[in-house]
Amino acid sequence: MNYEETLDYLFNKYPVFERSGGLAYKPGLETIEKLLDGLGNPHLQFKSIHVAGTNGKGSTCHFLTSICMEAGYKTGLFTSPHLKDFNERIRIDGKPIEHERIVSFVEKFEEVLDTAESSFFEISTAMAFWIFAQEKVDIAIIETGMGGRLDATNVLRPELCIITNVGKDHMQFLGNTCEEIAYEKAGIIKSGIPVIIGQATTETKPVFMRKANHESTEIYFAENYVHTEVSHVGEQLLLNAFSHHKEEQYSIGLKGHYQAYNVAPVLLASSWLMKHGWKIQEANVWDGLLNIQENVPLKGRWQILHASPLVICDIAHNADGWKQLLPGFNRIKANRKYVILGFSADKEIEPILSMLPQEYEYIFSQAHSPRALSAMDLKKKAESIGIQGRIIEEVNEALNYCLAKCQTQDAILIAGSNYLVAELNDL
């Protein structure tokens, strides 16, 4: 098989959450353990940092990868979902793995994959672990898929765990309250492995404390160690970090004020690594944060596609993500603002729609995915709370429509679904 045939084989034979949602969700570790056993247990052959959370875990993983690379460590990175190409999920020193590695893995272990009755995500996870072991990475930064406790990545014995935050997302699988969702995220906390919490609330903090106490492990709440604020100097995003001992200013290679929330646990994790034998210097942290897009490019996070008129895309897809995204877009000085929206059908979008200013011009779109909420249904939901707009289903057509109407001082935001953003031609 060539690369395209291999991907077709994987997507069509094994349950894929991005296409079929809950039908592809296989909670529990029995299948992944069986699968990894057939591969020689590669997950036990490299060191790792395990990252969970509702929002920001992708950015957090990329920041940590960039810092480790700047320190000279051979670094693996596993994230999901991808935006353009499957190989984005598995990276070595910031570069997506070669297509041939994916083909050879499937050909080599096809019988093992079938015997284990794996899901697509379990196969992706096992593939990443096997490649990291083969490449003898110094460290791998691993993002959970969903939740944590029953996530396929939770077979790891990492050096350190990070939980970025907890918000209401994937509630049909993880629970209806923040406490229930926090319980699932806290499932990555293990005996003897320290955990850093990026953001905690009065509802979630006791959940994390109970789990850490039960596992007799150290827990660090970022808010107790570092406070971050962001500002702009021209186009450059600056982050001021205040701790008990010092104040530092960092230049950040990603845009968006919400990155302040993601950098705080990254700084704390870097400090922990320094104190526990990892040869990371403060200069590596500075350069890692600044050079993230050169080291390990990250798309779809306050990504500027066009400067004049300003066009921004972001994969914010739940209420907490929009709480971080929308204030930044609201602060932009523009004559008119356009928002192109598209969501998955299983998302709770009413809280998002209720945040949107009615004076913006809205375009309702939908991704080419079985999970996509139809543009018509989105328009009806929006109109029920006073948000008016027009339907242009295909996102690139929607963007071209806005660009044709725009003046140079206008601004456009495309957001609401990973899959909608992924279909942008110029991403």
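The values are calculated or read from the model by the stated rules, or taken from the named source; none is laboratory data. Because the structure is predicted, anything quoted here is derived from the model rather than measured. We place every Cβ from the backbone using ideal geometry, glycine too, and count neighbours over all the protein chains shown.
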Exercise. Is it fair to say Phe86 is over 25 Å from Glu70 (Cα atoms) and in contact (Cβ under 8 Å) with a residue 40 or more places away in the chain?
Worked result: yes
Problem set entry | Unique match (being at pLDDT below 95 and either surrounded by 23 or more Cβ atoms within 10 Å (Cβ to Cβ) or outside the structural domain of Glu348 (by TED's automatic domain parsing) (or both)) among Leu156, Leu174 | Leu174
Exercise. Among (1) at pLDDT 95 or above; (2) in contact with a His (Cβ under 8 Å, 6 or more places away or on another chain), where does Asn425 come up short?
Worked result: (2)
Exercise. Given the conditions (1) touching a strand residue (DSSP E or B) at 6+ places or on another chain (Cβ under 9 Å); (2) within 17 Å of Tyr9 (Cα to Cα); (3) crowded, with 21+ Cβ neighbours inside 10 Å, and given that Cys161 satisfies all but one, which numbered condition is not satisfied?
Worked result: (2)
Exercise. Among Thr65, Thr54, which is of a type outside the set (Phe, Trp, Tyr), in contact (Cβ under 8 Å) with a residue 12 or more places away in the chain and in contact with an Asp or Glu (Cβ under 8 Å, 6 or more places away or on another chain)?
Worked result: Thr54
Problem set entry | Residue within segment 208-227 that is touching a helix residue (DSSP H, G or I) at 6+ places or on another chain (Cβ under 8 Å), among the aliphatic types (A, V, I, L, M) and in a loop (DSSP other than H, G, I, E, B) present | no
For this session: Return yes or no: is Glu184 assigned to a helix (DSSP H, G or I) and either at pLDDT below 90 or of a type in the set (Asp, Glu) (or both)?
Result: yes
Exercise. Take the residues of segment 203-259 that are of a type in the set (Ser, Thr, Tyr) and under 20 Å from Trp272 (Cα atoms): which is surrounded by the fewest Cβ atoms within 10 Å (Cβ to Cβ)?
Worked result: Ser216
Exercise. What pairs come up if the first residue lies in segment 204-221 and is farther than 18 Å from Ile162 by Cβ, the second is modelled with pLDDT of 95 or more and part of a loop (DSSP other than H, G, I, E, B), and their beta carbons are under 7 Å apart, counting only those six or more places apart or on different chains?
Worked result: Ser216/Ser191
Problem set entry | Selected residue (criterion: surrounded by the most Cβ atoms within 10 Å (Cβ to Cβ)) from residues of segment 36-56 that are in contact with a Leu (Cβ under 7 Å, 6 or more places away or on another chain) and not in a helix (DSSP H, G or I) | His50
Exercise. So which residues in segment 353-375 are out of contact with any helix residue (DSSP H, G or I) (no Cβ under 6 Å at 6 or more places or on another chain) and either assigned to a loop (DSSP other than H, G, I, E, B) or at pLDDT below 95 (or both)?
Worked result: Ser354, Leu356, Pro357, Gln358, Glu359, Tyr360, His368, Ala372, Leu373, Ser374
Exercise. Is there a residue in segment 379-392 that is modelled with pLDDT of 95 or more and under 13 Å from Ile312 (Cα atoms)?
Worked result: no
Problem set entry | Qualifying positions in segment 241-279 - in contact with an Asp or Glu (Cβ under 8 Å, 6 or more places away or on another chain) and closer than 13 Å to Ser66 by Cβ | Gly253
Exercise. From Ile92, Ile97, Ile141, which residue is under 30 Å from Ala283 (Cβ atoms) and buried (at least 23 other Cβ atoms within 10 Å of the Cβ)?
Worked result: Ile141
